[in-house]
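Just so it is clear, none of the values below were taken in a lab; they were calculated from the coordinates. Because the structure is predicted, anything quoted here is derived from the model rather than measured. Cβ atoms come from the backbone with ideal geometry, glycine included; neighbour counts cover every protein chain shown.
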Amino acid sequence: MEVDGTEYPLGYLFLDNDGNGVSGARTNVIVKFLAEFRTHGIFPQFFLTDKDFTQISAGQTVWPNTKNSIMSLAFTTSSRNKIKGNTHFKMR
């Protein structure tokens, strides 16, 4: 979301993933998460992800006409470092 030229994320979703889950489970969780935004009338022009195909697929499922953009490593690292200090999240 952009406010006065500054962009803010609308939400964060952190999933524990040991790689032993049911096929498609991660995509389904992400689709449900993103669909809540769509339900509230949010239709973004672009969708930021890392290179994770699951995230890309979920974004395309919920918003098929939205452009997907890959986040830079610097942005991802910076965001993770800021969140690490927050006691509400458990980071590995």
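At a glance:
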quantity	calculated
Ascending count of other beta-carbon atoms within 10 Å, so fewest first, for Arg38, Arg26	Arg38, Arg26
Computed label-point distance, nm, for sites Glu36 and Leu15 using a 7 Å Cα→Cβ extension	1.5
